[in-house]
Amino acid sequence: MGGARDAGWVAAGLLLGAGACYCIYRLTRGQRRGGRGLRLRPSRSAGEATGCPAEDLTNGSCDDVLNAEQLQKLLYLVESTEDPVIIERALVTLGNNAAFSANQVIIRELGGIPIVGSKINDPNHSIKEKALNALNNLSVNVENQIKIKIYMNQVCEDVFSGPLNSPMQLAGLRLLTNMTVTNDHQHMLNGYITDLFQVLLTGNGSTKVQVLKLLLNLSENPAMTEGLLGAQVDSSFLSLYDGHMAKEILLRVLTLFQNINNCLKKEGHLAVQPTFTKGSLFFLLYGEECAQKMRALVNHHDADVKEKVTIIPKF
């Protein structure tokens, strides 16, 4: 009797897995036929927060955005299969569907966040990246952030120990950026600020921009100012203020300086030199070399750069 019941459960599981596999087949066959899948149209907020334009969120689908039953099958597949190809495809589809606000809620209510979150520990970097991308879209929802925050320390460790400029590193940085849009979880990065500056200085252009987006979030919060200014930062950081630096980087490092300056004003610390050690960001930003670079940028050829520099006090 017990054996028959066990066999029934196995059959049900196989049936559910087969249904999910068929859905994945239909979800991905458009790509195998040359990428002629249905174009997804995520909400404006989801598109902006992920840093991905809406037109990039494309994938084949089972006729339209997946419903709760189909999402549940995908989550079962991610949790139960050991096939890395199927796991990766399922995570991609979940991530694309998580760009829709309604699905962000459905996936959370189905218990999907821990299922997706467990895959950031996968040794396969491609699976880890897809899991981070899915969490990134899910993190647009504030209630989801409460569940996602438990993975932030692990994400930080992976970002700073993983391959430089890799898709996995960028995916982790995007997730951390989303998780620090508000002040609620920024304190969890207190121990990683020096690491952020290290990646900023060693990464390529795309990595630099993503790190700066994250640092800008932190720099708007007065509670993070002391941690930022106390971080040990290589003097090559000041090269980011050179006139020939790419505009998207130069404007962001100027805004970083501006935000920190504004926070010091709010806290009434601008006229008082705190006890920061040499080699810290404080000594770089408020030293003579940086002041010279600010004066030089007043004559920059780009009007946006010139305008930004005039807002920052001259030293």
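The values are calculated or read from the model by the stated rules, or taken from the named source; none is laboratory data. Only a predicted model underlies this, so the values are computations on that prediction, with no experimental measurement involved. Glycine gets a Cβ as well: all are built from the backbone with ideal geometry, and neighbour counts include every protein chain shown. For accessibility, only protein heavy atoms count, side chains too; no ligands or nucleic acids. Shrake-Rupley method; radii C 1.70, N 1.55, O 1.52, S 1.80 Å.
With a 10 Å radius around each residue's Cβ, average the other Cβ atoms per peptide and rank 225-236, 278-289, highest first.
In descending order of packing, they fall as 225-236, 278-289.
Which entries of Lys73/Lys213; Lys119/Lys266; Lys130/Lys308; Lys278/Lys308; Lys130/Lys208; Lys73/Lys208 show an alpha-carbon separation above 31 angstrom in the structure shown?
Where the Cα-Cα span goes over 31 Å, the pairs concerned are Lys73/Lys213; Lys119/Lys266; Lys130/Lys308; Lys73/Lys208.
Arrange the peptides 216-223, 74-81, 200-207 so that the one whose residues have, on average, the most other Cβ atoms within 10 Å appears first.
The packing order, highest mean first, is 74-81, 216-223, 200-207.
Under the definition of Cα pairs under 8 Å and six or more residues apart, what whole-number percent is the relative contact order of the range 175-315?
It comes to 24 percent, rounded to a whole number.
Roll a 1.4 angstrom probe over the protein heavy atoms and tell me the percent of accessible area of the range 158-315 that is carbon or sulfur.
51
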